[in-house]
Amino acid sequence: MAVHRLSLNPSSYKTRFTQRFLRALMKINKNKNRSSTSSSFQEIRRGRRRIKIAADGSMASAVGSKRAWSRAMLYKLRTRTRHQAWVRKISTAAKRKRDVGNKPEEELSRTDDLRRLVPGGEAMDFCSLLEETAHYIKCLTTQAHVMQSIADFYST
């Protein structure tokens with residue numbers, strides 16, 4: 001079992017994410033203690049969803065508005081309950097309008113898959129999509145390391 005050390009650099013993404021994520025987890029735990037202590041399947045699923053939203057929001061806010069994926073994710077989190085159907089319609093329309101050019105069929109499917117995976121990827125040109133994907137993967141890796149460190153800390 002590898003132990004992941006957290007950076008002490010206050011300006012690093014990892015440190016900012018960790019601080020925000022721990023605050024969000026404490027808030028979730030505080031609200032959980034106020035509500036029922038039921039451990040039904042639905043309650044577990046809600047808790048897991050809250051943690052995922054906290055992790056995504058913490059990472060996107062740690063990155064800030066520097067990246068298109070973080071802006072898209074923060075927008076999605078802020079408006080998720082009001083505009084879910086609307087966002088799906090826009091994403092579908094944007095996908096249809098994209099110029100496919102003379103790209104091979106296989107490359108199109110891979111690019112489309114990538115556009116669906118990266119937040120905000122539907123509206124990016126190919127080069128921007130690759131750059132944003134690399135940064136997004138780096139941030140997801142950081143997120144996984146921090147979450148593993150937290151789990152290791154509390155499991156001992």
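We did not get these values from a lab; they are worked out from the coordinates using the rules stated. Worth saying up front: this structure is predicted, and the values here are computed from it rather than measured. Cβ coordinates were reconstructed from backbone atoms using ideal geometry, including for glycine residues, and neighbour counts include every protein chain displayed.
A simple packing score, the average count of other Cβ atoms within 10 Å per residue, orders the peptides 114-123, 134-143 as 114-123, 134-143, with the highest score first. Hey, which of these cross-link pairs are over 28 Å Cα-Cα: LYS30/LYS52; LYS32/LYS66; LYS14/LYS76; LYS30/LYS66? Over 28 Å Cα-Cα: LYS32/LYS66; LYS30/LYS66.
Remark: the range 127-142, residue by residue, has Karplus-estimated 3J(HN,Hα) of 5, 5, 4, 5, 5, 5, 4, 4, 5, 4, 5, 4, 5, 5, 5, 4 Hz, where x stands for each Gly or Pro and the curve is 6.51 cos²θ - 1.76 cosθ + 1.60 at θ = phi - 60°.
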